[in-house]
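Could you have a look at this structure, given as C-alpha cells, before my questions?
The values are calculated or read from the model by the stated rules, or taken from the named source; none is laboratory data. Model, not experiment: these values are computed from the prediction. Using ideal geometry, Cβ is built from the backbone for each residue, glycine included, and neighbour counts are taken over all protein chains shown. Heavy atoms of the whole protein, side chains included, go into the accessibility calculation; ligands, DNA and RNA do not. Shrake-Rupley method; radii C 1.70, N 1.55, O 1.52, S 1.80 Å.
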Amino acid sequence: MPAVPPAPPAGAGAPQAPTWYNAAGAPQQPYGAPAYGDPAGGGPLVPLTPWGAPEPPRRKRGGLVAAVLAAALVAGGVGGGIGYWAADRSDTGSTTVSSAGDPKIASRTPGSVADIAGKALPSVVTIEAQSSGGEGGTGTGFVYDTQGHILTNNHVVASAADGGKLAVTFSNGKQYDAEVIGRAQGYDVAVIKLKNPSGLKLSPLPLGDSDRTAVGDATVAIGAPFGLSGTVTTGIVSAKKRPVASSDGGGSNPSYMSALQTDASINPGNSGGPLLNAQGAVIGVNSAIQSANNGGGMPGAQGQSGSIGLGFAIPINQAKNVAEQLIRTGKPVYPVIEATVNMKDAGGGARIVANGMGGTPAVTPGGPADKAGLKPGDVIVKLDDAKIDSGPTLISEIWTHKPGTKVTVTYVRDGKQKTTEITLGERAGDK
C-alpha cells in the first residue's frame, strides 16, 4: 500500500483513489471503500461497501424449498399432536372464529408503511447490468420523470456503459431495455432511459427536500437486496452530513458524499433505490453500507456483507442537481477550489500539500483557492458551518454546492486561525 496517495488531476480539487489511514495513523486496507467518522467527532475510518456491484451467481432455490418443507413438517407434527389432544377429550367438532374486518387495515391507513410501499413500488425498478464481456450485476433505480429517465447509482450501471446491456424490470414483471444517458463517478449518480416503453404509464416518485430532514425522521427503503425485487425495509434517519467515500472495489476512483445515514436494512442490490420519508417522498439514493467484518461475507453471499443497520444514501437535493446536469449534457460538473489536499491524515483538518505531486501544483495559480489567499501548508478546518477533519470530508462538503457558489473557509496558518471567502470553480466530466 503506498505511503502517499496519488494527487488529484490538475484543477480538480479531488484526489485519485487514496490510501486510507485510521485515527492512529496506521494504514488500513479498504474493503470497497472507507468512510470517515462523524465530522463533529473525527472518528476513525471504517470500511464501506457500495451495493449493486456484480451480483453473485444466482443459486437454485433448493435452500428456500428445504426451509419451507422443514416448516411444514414441524407444523404437521404440532398440528397432529393438538388434534390427538382434542380428540381424546371431546368428540365434538372444533370451531374457528374469524376476526372482524378492520376498515383501517383494509384500506391501509394513509401514511402507513404499507400505504407508502403500495404507492412507491410501481415506480421502483430492478436493474440488471451486463458488460460486453458477459459480467453482470443487479441494482435498483426509480422513475425520475415521465420521459422515461431512471435515477440510480453509477456503480450499478458502470459495467454496461461501454457496449453492455441494461434491462429494467418493473414490479408488475414487465421488462424493458435501457441505455445510459449520463454517469457521474465522483457523485456515484447515473441516469438511464427506457427504450421504447410503448404503452407504459410512468409515475415518477415525488422528490422531497433532504436539507429539511431531521435525525429521527422515519425512513422506508425499497430495492432488490440479493436479487429479491420489491423488498421494503424501514428505519429512521440516524445522522446527517456523514462524510463518506466509497468505491466498487474494482480499482476505480472513490465517490464522495455528505450522506444521510439510516438504519433501514440495506443490502447488496439495494444500490440506487429510493430512501423515502414518512410522506412517501424520496429524500436519498441508497448507495453504501458499513461492513462489520472488514470484507468478510455473509453465508451464501460470496464475500458480500449484509446490513448491520448502518446504511448511507446520497441526499436527493444533490442527486437531483447531478441528474438534471446529466440529462441536459450527459456529463457531470464538479465544484472545485483547485488546491491539492492531503488525503491520508484524519482528525486535524484538510492540509494543502506543501509541494505539488505528479506535476500538479498545490494551489493552482489564478484558481479559486489562490484568489482567496490560500497557500501550501494551510489547514482547512471549516467550510461554512461544517467542520472539516480530513481531505475526503472537505471534498464531500464542497460537492454539496454548485459551481459559482461563495463559501466561507476557515483555515489555520502558522498556528493562527483565519477566515476567507472562496467562489467555487468548476470541472466538467470525470477524470
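For Ala319, state whether it is in contact with a Ser or Thr (Cβ under 9 Å, 6 or more places away or on another chain), in contact (Cβ under 8 Å) with a residue 60 or more places away in the chain and buried (at least 17 other Cβ atoms within 10 Å of the Cβ). Before the answer, list the steps.
Numbers: in contact with a Ser or Thr (Cβ under 9 Å, 6 or more places away or on another chain): yes; in contact (Cβ under 8 Å) with a residue 60 or more places away in the chain: yes; buried (at least 17 other Cβ atoms within 10 Å of the Cβ): yes.
The answer is yes for Ala319.
With respect to Leu326, determine if the residue is open to solvent by less than 20 Å² (accessible area, probe 1.4 Å), touching a residue at least 24 places away in the same chain (Cβ under 8 Å) and in contact with an Asp or Glu (Cβ under 6 Å, 6 or more places away or on another chain).
no
Moving on. Are any residues in segment 270-303 at pLDDT 90 or above and either open to solvent by 30 Å² or more (accessible area, probe 1.4 Å) or part of a loop (DSSP other than H, G, I, E, B) (or both), and if so, which ones?
Within segment 270-303, Asn270, Ser271, Gly272, Gly273, Asn277, Ala278, Gln279, Gly280, Ala281 meet the criteria.
Of everything in segment 335-351, what is over 26 Å from the mean Cα position of the chain (by Cα) and either closer than 16 Å to Lys387 by Cα or modelled with pLDDT under 90 (or both)? Give them in sequence order.
Once the filter is applied, which keeps residues that are over 26 Å from the mean Cα position of the chain (by Cα) and either closer than 16 Å to Lys387 by Cα or modelled with pLDDT under 90 (or both), segment 335-351 yields Gly348, Arg351.
If a residue has to be of a type outside the set (Phe, Trp, Tyr) and either more than 22 Å from the chain's Cα centre (by Cα) or open to solvent by 80 Å² or more (accessible area, probe 1.4 Å) (or both) to count, how many in segment 172-193 make the cut? Step through it out loud before you land on a result.
We begin by selecting, within segment 172-193, every residue of a type outside the set (Phe, Trp, Tyr); these are 172-175, 177-186, 188-193.
Those still in the list that are either more than 22 Å from the chain's Cα centre (by Cα) or open to solvent by 80 Å² or more (accessible area, probe 1.4 Å) (or both) too: 172-175, 177, 179.
So the count comes out to 6.
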